[in-house]
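Below is one structure, written out as structure tokens, with a few remarks after it.
The values are calculated or read from the model by the stated rules, or taken from the named source; none is laboratory data. Since the model is a prediction, treat every value here as computed from it, not as a measurement. Cβ coordinates were reconstructed from backbone atoms using ideal geometry, including for glycine residues, and neighbour counts include every protein chain displayed. Keep in mind that these areas ignore ligands, DNA and RNA; they rest on the heavy atoms of the full protein, side chains included. Shrake-Rupley method; radii C 1.70, N 1.55, O 1.52, S 1.80 Å.
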Amino acid sequence: AEPLPDGDSGIASRYPNDQGISSDPDVLFVDDFESYRVASDIGNQWDQVFHMPNIQIATESKDVFGGAKSVELSVPQQSSEVSNNLIKAINPTEDVLFLRYYAKYDEAFNVVGSSHNGSSMSGKYCCPGVPSDGYNKIFVSLEAGRFDAATANPGLLNIYIYHQEQRDIWGDHFYPTGRVVPFDRVPGDFGSDFVPRPDVTPELGRWYAYELMVRLNTPGQRDGRIAVWLDGEVIADFPNLRLRETTSLKMDQITLDLHVNGSSVGTAKKWYDNVVVATSYIGPLSTSAQAR
């Protein structure tokens, strides 16, 4: 596997504070949430937004990473499932996609059980519980998972994925160490180039730059790859992936999510800011421009 870029070597290094980054030929979408007066305005740039009563434009300085505004997603304490999403269609569809955003979990975030609380990339995605067969869909979510109360909030960062070699109808979880759940007695098939990395639990109340890359494989080959950066450092890298059997299956949307289908102690909140989608490595927001 070729070495991955990192640090300030990406697109953002050429655009201080992301100013003008939307003009870069590799950039497909940008949103810093500064243009919105109220949450319902988000639909001006995002194709679907769920659920509006749980979404706000935040303006308190502690809840904003850059500029004067961010978006706040919240799930009230309740027993039923709640899924908040900002969904952006990617057209034309892509084989390789990078999604960078800043995010912060509330200091009181306390969820146990199923929670998609990060971002996703997908292609032809229909619904949960339908396995991928290499033709019908691909779904990749970067999220923190906490399935028992002994695990620190918000949980361990992992990739939740529907792919054609998945072990369960509900998809698999890839951890930076190489562990794959379910049936984690069997290690993941990430090839001889795989580098195990320690598990990561984000600190509550702190902003991080998250970046997710998905590179779909050439049909018939195991050259697919998924990688994750945190503040410009590679924290997970999964090469040797077989994700599709046809080039007609490409990524066609990205999402920002706060979904809870478990137990929540109080209201769960998360903030997002400075979103960039591109076809090459983006990197953390920079305060000074490097030479092109």
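Tabulated results
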| quantity | calculated |
| --- | --- |
| Filtered residues of the stretch 48-88 (kept if among the hydroxyl-bearing types (Ser, Thr, Tyr) and farther than 24 Å from Gly123 by Cβ) | Thr59, Ser61, Ser70, Ser74, Ser79, Ser80 |
| Single residue of the stretch 30-48 satisfying the filter (assigned to a loop (DSSP other than H, G, I, E, B) and open to solvent by 30 Å² or more (accessible area, probe 1.4 Å)) that is nearest to Gly20 (Cα to Cα) | Asp32 |
| Qualifying residue in the stretch 127-134 (condition: more than 22 Å from Arg244 (Cβ to Cβ) and open to solvent by less than 10 Å² (accessible area, probe 1.4 Å)) | no |
| Residue in the stretch 106-116 that is more than 27 Å from Glu72 (Cβ to Cβ) and part of a loop (DSSP other than H, G, I, E, B) present | no |
| In the stretch 49-73, the residues that are open to solvent by 20 Å² or more (accessible area, probe 1.4 Å), touching a residue at least 24 places away in the same chain (Cβ under 8 Å) and either assigned to a strand (DSSP E or B) or aliphatic (A, V, I, L, M) (or both) | Val49, Phe50, Ile57, Ala68 |
| Residue tally, condition part of a strand (DSSP E or B) and buried (at least 20 other Cβ atoms within 10 Å of the Cβ), over the stretch 232-251 | 6 |
| Residue list for the stretch 96-114, restricted to those being over 15 Å from Lys270 (Cβ atoms) and touching a strand residue (DSSP E or B) at 6+ places or on another chain (Cβ under 7 Å) | Val96, Leu97, Phe98, Leu99, Arg100, Val112, Gly113 |
| Selection within the stretch 152-180 - open to solvent by 20 Å² or more (accessible area, probe 1.4 Å), in contact (Cβ under 8 Å) with a residue 12 or more places away in the chain, within 21 Å of Pro202 (Cβ to Cβ) and over 14 Å from the mean Cα position of the chain (by Cα) | Ala152, Asn153, Thr177 |
| Some residue of the stretch 79-99 being open to solvent by 40 Å² or more (accessible area, probe 1.4 Å) and under 12 Å from the mean Cα position of the chain (by Cα) | no |
| Those residues of the stretch 220-231 which are in contact (Cβ under 8 Å) with a residue 40 or more places away in the chain and open to solvent by 10 Å² or more (accessible area, probe 1.4 Å), in sequence order | Arg225, Leu230, Asp231 |
| Identity of the residue in the stretch 275-292, modelled with pLDDT of 95 or more and either open to solvent by 10 Å² or more (accessible area, probe 1.4 Å) or of a type in the set (Asp, Glu) (or both), that ends up nearest to Pro219 (Cα to Cα) | Thr279 |
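Per-residue answers, yes or no, for (1) within 22 Å of Asn85 (Cα to Cα); (2) touching a Cys at 6+ places or on another chain (Cβ under 8 Å); (3) modelled with pLDDT under 95:
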position	(1), (2), (3)
Tyr125	yes, no, no
Lys137	yes, yes, no
Phe147	yes, no, yes
Ala152	no, no, no
Gln166	no, no, no
Pro176	no, no, no
Arg185	no, no, yes
Thr201	no, no, no
Gly205	yes, no, no
